[in-house]
Amino acid sequence: MSEQYFFDLIALARKRARTTVQDVAVVDMPRIRPLLNSDEAVINGSFEFDIDEENVHFVACRIRARLELQCQRCLGRLDFEVESRVRLGIVRSLEEANNLPDRYEPVMVEDTRFSLVELIEDELLLALPSVPLHGHYECHTEEELNCMDEQQKNAYRPFSSLDEMLKKDSR
C-alpha cells in the first residue's frame, strides 16, 4: 500500500485538517477485493479532522464508492453504490473507547501512522450486503424467463377473438 495514505490522525485533528483520498485502487484493499466482481471501481473518501468541546479528537468521514458485485440469484453484474457518513472518535486505548460520547464510533490508533485507505475499506465492508441481490423484478434467471414465456403463451385471453371480429368488420 502506498505511503501517501498513512497519516497521524491526532496531529491532523489538532490542525483541524481536511483531506481527500481520490480514486483509491481496489488492489490496495486486500480484504474487500475478493468480494468484488471487478477491480474497476470508483472509491473516494473525504475527511475532516477536529477536536470537539469535550476535547475529543475526531474525524468526520464521507465515503463514496461505485462497486461491481455479483448477484447471488442470477450471477449477473450488480452495480452497488455506497455513500457512508460516519464520525469517528480517535482513541488510543479501550478505556478511551468506552468513555467516548455516543455520537462517535471509536477508531483505535496505536501509533502515529494510520491508513485512511484501511479506514475506507472498513466502511465499505460494513456497507456491503451480506448477500448481494438485484431487486425482485430486476433479476430473472433463465429458468424464470422460460417459465414466464410459457405462462404468456398459455394465458387465457378473453378478448383475443374480438380482434378477429374487428378485422372482418373493417373489410
Which of (1) free of Cβ contacts under 8 Å to residues at least 60 places away in the same chain; (2) within 17 Å of Leu126 (Cα to Cα) is the odd one out, the single condition Glu54 does not satisfy? (2)
Taking the stretch 1-25, which residues are part of a loop (DSSP other than H, G, I, E, B) and under 23 Å from His57 (Cα atoms)? Asp8, Arg16, Ala17
Which members of the stretch 26-48 meet the condition of being touching a residue at least 12 places away in the same chain (Cβ under 8 Å), over 15 Å from the mean Cα position of the chain (by Cα) and outside any strand (DSSP E or B)? Val27, Asp28
Select from the stretch 39-61 the residues that are aliphatic (A, V, I, L, M) and either crowded, with 19+ Cβ neighbours inside 10 Å or under 15 Å from Glu96 (Cβ atoms) (or both) and list them in ascending order. Ala41, Ile43, Ile51, Val56, Val59
Failed condition for Asp39, given (1) at pLDDT 90 or above; (2) touching a Cys at 6+ places or on another chain (Cβ under 6 Å), with all others met? (2)
Across the stretch 116-136, what is the total count of residues that are farther than 14 Å from Arg31 by Cα and surrounded by 11 or more Cβ atoms within 10 Å (Cβ to Cβ)? 4
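The values are calculated or read from the model by the stated rules, or taken from the named source; none is laboratory data. None of the values given here were measured: they were computed from a predicted structure. Note that each Cβ is placed from the backbone with ideal geometry, even for glycine, and that neighbours are counted across all protein chains shown.
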